[in-house]
Amino acid sequence: MSGCNLPMSKNNKYSEKAIIVSGLPRTATTALGDILSLIDGYNMVYEPFNVSQGISEVNLNYLIPGANINHSDFDEIFNSILNLNAKFKLGVKDHDSALKKAVKTLFGNESSLSLLKSKFSINKKKLIIKDPFLVFASLYLSDHYRVIMCERPILPLAGSFKRMGWKFPEYDRLINDFNHIDIKIGKKIENDSISPSVLGAVQFSQLYSSFKNKVKGKENIYFFNQDDFSLNPQQSINQLFDWLDEEYTDKIVNKVENVNSGQKNDIKKPKKHVQHDLVYNKSFSNKYYESVLNKKEIDFVKECSGGEI
């Protein structure tokens, strides 16, 4: 992209070695970020571009440099992460318990605490930025950084959205934002008789597919298949580490085994509304949608994807 010079300060504590983990939400970005943060010398910053708890200057989810934010403003925010001086929102939510609200007020939320951990870690000079909210900024970021884009089959994605009760209110706005980076979305996907969560997953997939067609072939972007990761975790991570040219150590091998197996092998479905359920067996992560989605929703997802599931 012309104009994408992303100027970096010489005083940045983290620079060209930073790795961005992004892609669709609900595609193992957190698990992957945790694994990569075990590479010697790396720390992970958790979702600094999450509008509800991230950097104070971020007031819009799914920033797209050159579309809904100018390049220089995006660079300034991104450099505040690299310089470890970003300021974060409290991230207090209405449904938080009194204890959780007190902890966030006194110490910080998951995003701000992850930056503090990086700031005060000893002998760690490289950074993992784990953030699905950077998915549509990846074209710009890939000019200077390695970007991992996590993906997942659309039916399990829809099941996960519905289990979490997530919607996608940014859909219409992002269609307009895409016009600024020369991506045209054809027919909008709308359906008042389908769960808003399922509709949101399908809408997100539509935008992501169009965006992927633009970035596919970029040297610094790696497409990470969550389905492969759930079924063949060691092979999946090993291939990624080959691309990153990083050592796949015994410590990381053990982490992959623990992250993907879950605490109980016989539990095949995560709990409702629990974002990162550590108990259930992740090899079933792309099967439980059959108990979450009804037939009408499954048929709708298949129709929107052209039958390519």
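The values are calculated or read from the model by the stated rules, or taken from the named source; none is laboratory data. All figures in this text were calculated on a predicted structure; none of them were measured in a lab. As a convention, Cβ positions derive from the backbone with ideal geometry for all residues, glycine included, and neighbour counts pool all protein chains shown.
Would region 187-200 turn up any residue that is closer than 24 Å to Val58 by Cα, surrounded by 16 or more Cβ atoms within 10 Å (Cβ to Cβ) and within 17 Å of the chain's Cα centre (by Cα)? So far as region 187-200 goes, yes, one or more of its residues are closer than 24 Å to Val58 by Cα, surrounded by 16 or more Cβ atoms within 10 Å (Cβ to Cβ) and within 17 Å of the chain's Cα centre (by Cα).
Give the residue that is farthest from Pro156 (Cα to Cα), with candidates limited to residues of region 19-58 that are in a helix (DSSP H, G or I) and of a type outside the set (Gly, Ala, Ser). Top of the filtered list is Leu36. Within region 235-265, being in contact with a Ser or Thr (Cβ under 9 Å, 6 or more places away or on another chain) and at pLDDT 90 or above holds for Ser236, Val256.
Of the helices (runs of 4 or more DSSP H) that lie entirely inside region 70-128, those containing 1 or more residues that are within 11 Å of Val45 (Cα to Cα) and in contact with a Gly (Cβ under 8 Å, 6 or more places away or on another chain) span 110-120. For the structure I just gave you, tell me whether Val135 is among the β-branched types (Val, Ile, Thr), part of a loop (DSSP other than H, G, I, E, B) and closer than 28 Å to Phe223 by Cβ. When the stated conditions are applied, Val135 does not pass them.
Based on what the data block shows, is Lys269 touching a residue at least 60 places away in the same chain (Cβ under 8 Å) and surrounded by 11 or more Cβ atoms within 10 Å (Cβ to Cβ)? In short, no. Scan region 96-106 and tell me whether some residue there is in contact (Cβ under 8 Å) with a residue 40 or more places away in the chain, surrounded by fewer than 22 Cβ atoms within 10 Å (Cβ to Cβ) and not acidic (Asp, Glu). Looking through region 96-106, none of the residues is in contact (Cβ under 8 Å) with a residue 40 or more places away in the chain, surrounded by fewer than 22 Cβ atoms within 10 Å (Cβ to Cβ) and not acidic (Asp, Glu). Filter region 56-90 for residues that are without any contact (Cβ under 8 Å) to a residue 40 or more places away in the chain and small (Gly, Ala, Ser); which is surrounded by the most Cβ atoms within 10 Å (Cβ to Cβ)? Of everything passing the filter in region 56-90, Ala86 is surrounded by the most Cβ atoms within 10 Å (Cβ to Cβ). Evaluated against (1) in contact with a helix residue (DSSP H, G or I) (Cβ under 6 Å, 6 or more places away or on another chain); (2) surrounded by fewer than 20 Cβ atoms within 10 Å (Cβ to Cβ); (3) of a type in the set (A, V, I, L, M); (4) within 20 Å of Ile181 (Cβ to Cβ), Val147 falls short on exactly one condition, (2). Has region 153-173 got at least one residue that is touching a residue at least 24 places away in the same chain (Cβ under 8 Å) and under 12 Å from Phe211 (Cβ atoms)? No, the conditions are met nowhere in region 153-173.
Please specify each residue of region 201-221 satisfying the condition of being within 22 Å of Leu155 (Cα to Cα) and either under 18 Å from the mean Cα position of the chain (by Cα) or β-branched (Val, Ile, Thr) (or both).
Selection gives Ala201, Val202, Gln203, Phe204, Ser205, Gln206, Leu207, Tyr208, Ser209, Ser210, Phe211, Lys212.
With respect to (1) among the small types (Gly, Ala, Ser); (2) within 17 Å of Phe168 (Cα to Cα); (3) touching a residue at least 60 places away in the same chain (Cβ under 8 Å), the lone exception for Ser230 is condition (2).
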